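Supplied in structure tokens, the structure appears directly below.
Readers should treat all values here as calculations from the given coordinates under stated rules, not as data from a laboratory. Everything quoted here is computed from the prediction, not taken from an experiment. All Cβ positions, even for glycine, are placed from backbone atoms using ideal geometry, and neighbour counts span all protein chains on display.
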Amino acid sequence: NSMSYHNAEQKDLVEDRRTEMQLDREADIANSSRASVVSGKTRFVSHGIEASDSKDGLAHNAPKQTVLSAVNASSSGGGDIILLRPGHYNEQLTISKPVTLRATRDGSVTIGQP
């Protein structure tokens, strides 16, 4: 997966060299033209006006609106990352498949009741 880090000791150094938009574009490429060689897909979730659960969430500019929708769309075999944009997602979740929930570096994320 393009969001993975191959060298754990260098993770923080590498992570700080890319902007949020650069990381988003890498995930977009991994989800499309490089999909056959990556270990999973990155699904974006946001509260922005462009967000909709009718979208597949596989592009940074076409995110899903709810975490639950992104989890349901993820592979049952695992390897997918759900990348959450900053905000509060007032959802109750039961996750029954292997997925990784990850917040962006631009702000905090809360899932559940405040």
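Just give me the residues in region 72-114 being polar (S, T, N, Q), touching a residue at least 24 places away in the same chain (Cβ under 8 Å) and in contact with a Pro (Cβ under 7 Å, 6 or more places away or on another chain), in sequence order.
Hit for region 72-114 is Thr104, nothing else.
Quick one: in region 83-103, of everything that is hydroxyl-bearing (Ser, Thr, Tyr) and part of a loop (DSSP other than H, G, I, E, B), which residue is surrounded by the most Cβ atoms within 10 Å (Cβ to Cβ)?
Going through the qualifying residues, I end up with Ser96.
For every residue, the table says whether it meets (1) over 10 Å from the mean Cα position of the chain (by Cα); (2) of a type outside the set (D, E, K, R).
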| site | (1), (2) |
| --- | --- |
| Arg43 | no, no |
| Ile49 | yes, yes |
| Lys55 | yes, no |
| Ala59 | no, yes |
| Pro63 | no, yes |
| Thr66 | yes, yes |
| Ser69 | yes, yes |
| Gly78 | yes, yes |
| Leu84 | no, yes |
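May I ask you to verify whether Ser69 is crowded, with 16+ Cβ neighbours inside 10 Å, under 11 Å from Thr42 (Cα atoms) and polar (S, T, N, Q)?
So Ser69 fails the test.
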